[in-house]
Amino acid sequence: MADEKRHYLVPEHILIRREKVEELMRELGINSSCLPKISRLDSAIKPLKADKGDVVKIIRDSITAGQSTYYRRVV
């Protein structure tokens, strides 16, 4: 089995608890089907054991903004 430590080029991925997803969608003014998709087999989220329909928060380093946050729906 490969080492599951995060590579420095892979941004941080955080699984959003299901009970928080609805609150987040209200805050963003969208529903989860509007989010871009990410495969549950993606090597960056495999350690999270995400299921279809889960939402993943991705935090990327940005030269201009410091950090930027993205959300993806697991398919």
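Values in this text are rule-based calculations from the coordinates and carry no lab data. Owing to the predicted nature of the structure, the values given are computational and were not obtained by experimental measurement. Here Cβ is always computed from backbone atoms with ideal geometry, including for glycine, and neighbour counts include all displayed protein chains.
So for the stretch 7-30 (the condition being of a type in the set (A, V, I, L, M, F, W, C), in contact with a Leu (Cβ under 8 Å, 6 or more places away or on another chain) and without any contact (Cβ under 8 Å) to a residue 40 or more places away in the chain), does at least one residue qualify? The answer is no; no qualifying residue exists.
Within the stretch 47-65, the set of residues being farther than 11 Å from residue 15 by Cβ, touching a residue at least 40 places away in the same chain (Cβ under 8 Å) and of a type in the set (D, E, K, R) comprises 60, 61.
Count of the stretch 31-56 residues, restricted to those that are in contact with a His (Cβ under 7 Å, 6 or more places away or on another chain), within 8 Å of residue 73 (Cα to Cα) and assigned to a loop (DSSP other than H, G, I, E, B), is 0. Considering only residues that are exposed (fewer than 12 other Cβ atoms within 10 Å of the Cβ) and in a loop (DSSP other than H, G, I, E, B), look in the stretch 13-30 and name the one that is farthest from the chain's Cα centre (by Cα). Filtering the stretch 13-30 for residues that are exposed (fewer than 12 other Cβ atoms within 10 Å of the Cβ) and in a loop (DSSP other than H, G, I, E, B), the one farthest from the chain's Cα centre (by Cα) comes out as 29.
For the stretch 57-71, the candidate set comprises residues that are of a type in the set (A, V, I, L, M, F, W, C) and in a strand (DSSP E or B); within that set, the residue that is surrounded by the most Cβ atoms within 10 Å (Cβ to Cβ) is 58. Apart from one condition, residue 74 fits all of (1) touching a Gly at 6+ places or on another chain (Cβ under 8 Å); (2) exposed (fewer than 12 other Cβ atoms within 10 Å of the Cβ); (3) not acidic (Asp, Glu); the exception is (2).
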